[in-house]
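Bear in mind that the values in this text are calculations on the coordinates, not laboratory data. Every value quoted in this text rests on a predicted model; they were computed, and no experiment measured them. All Cβ positions, even for glycine, are placed from backbone atoms using ideal geometry, and neighbour counts span all protein chains on display.
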């Protein structure tokens, strides 16, 4: 197979996606009469459209598949851990979009999962949804955006939503997440990737970053190639993304595909990329031990959301008189005198001996060690960052929590 990627501009996301798809031969090149198609959008939450694949683009894909003769179309995903998938789907009406246009919307939290053996990097067996494994065609539909742990999220990262919640927690750390994602791709590669890139995200992604109107769509038949092209369009070197480097080295795709349509150099723009640094926000100060492996990724995701919210509601953070210390790992140093100290993870809860008028423990964040490994490989970041974030909002005070929830619900309606 020749790796091909098409980039097209258009008057809207559907026009640009249609032009890009046509450059690759149209949907009929990938979907045959009688096929069962599985479409995997990125639908991580119900908080607005920017973090998610837009329902209009999903509807476009469903329509094109039906027109090409597909017998059955599944559109499936799981929301973030601790987020009710059914509620998230209803907030943005994606289920109505899909089923009104001939598809079947699947909340994969309710699906039957089957084991598949494969040649993985971190694992040789994986549990995947029955509908996904039994489909004839797999279409991956990611959102083009930045990510505070992996720097970039595209088709490879979008594969995470195929896993059960418990499996998402495994290897969810700075060191291992990229390779874990590539393992999912190695279990089954997409036949087609349609990127929701017309309005992308930069800054503190993947949840509350800032919109970037690019005006183009990216479509391709090789997920490594598509992610590489998206990186170049965002001013990111594909060689900086572990999953791309490892995937190309193992023969799963290429970072230099044949590109049709618009030229990358004419559209490339340097996106604001989040650093891995955990920053203090308002009265919140972090104390982190380098010995810890898993918890920094937990803190970074929560921190990313807090940074974004502090920009959206600066008066709420600056007006808070409470001082919150967050301690992670085997931290042995001094902490400032604060109103509240939050201990994140088993290490901090066991070793912290500092002061604090009120100490809150968020335990059981660290996991088991694999044979021969010095550091834990289990890291439930997708769970615990939400617990940490909720704790911070609660302790900062009712007005802050209510204002944030109210505003995010308004965003979700847009």
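Hey, what angle do you get for helix 223-233 against the long axis of the chain, alpha-carbon based, 0 to 90 degrees rounded to 10?
Approximately 70 degrees, to the nearest ten.
Need one number: % antiparallel among DSSP beta bridges in the stretch 4-267, to the nearest 5.
Working: 20 of 41 bridges.
Rounded to the nearest five, the antiparallel share is 50 percent.
By average Cβ neighbour count within 10 Å, what is the ranking of 23-30, 273-280 from highest down?
On the way: 23-30: 16.8, 273-280: 14.4.
Answer by packing, highest mean first, reads 23-30, 273-280.
Suppose only helical runs count, i.e. DSSP H with n ≥ 4. What mean residue ellipticity at 222 nm does that imply for the chain under -39500 (n - 2.57) per run, divided by all residues and rounded to the nearest 500 deg cm²/dmol? Walk me through the intermediate numbers first.
Numbers: 16 runs with 147 residues, N = 414.
For the chain, the value works out to -10000 deg cm²/dmol.
What is the packing order of peptides 264-271, 222-229, 101-108, taking the mean over residues of other C-beta atoms within 10 Å and listing the highest first?
Working: 264-271: 13.4, 222-229: 28.9, 101-108: 19.2.
So the peptides 264-271, 222-229, 101-108, ranked by packing, come out 222-229, 101-108, 264-271.
If you line up the long axis of helix 398-412 against the longest principal axis of the chain, both from Cα atoms, how many degrees apart are they, to the nearest 10?
Taking the Cα atoms of the chain, the angle to 398-412 is about 0 degrees.
Looking at the square roots a ≥ b ≥ c of the eigenvalues of the Cα gyration tensor of the stretch 172-248, which shape do they give, rounded for a/c under 1.5, prolate if a/b is larger than b/c, or oblate?
Working: a/c = 1.81, a/b = 1.27, b/c = 1.42.
In terms of gyration-tensor shape, oblate.
What is the stretch 4-267's relative contact order, in percent, from Cα pairs under 8 angstrom and six or more apart in sequence? Let's see the in-between values first.
On the way: 580 pairs, mean separation 65.1, N = 264.
It rounds to 25 percent for the stretch 4-267.
Expressed as an acute angle from 0 to 90° and rounded to the nearest 10, what is the orientation of the C-alpha long axis of helix 55-67 relative to the principal long axis of the chain?
30
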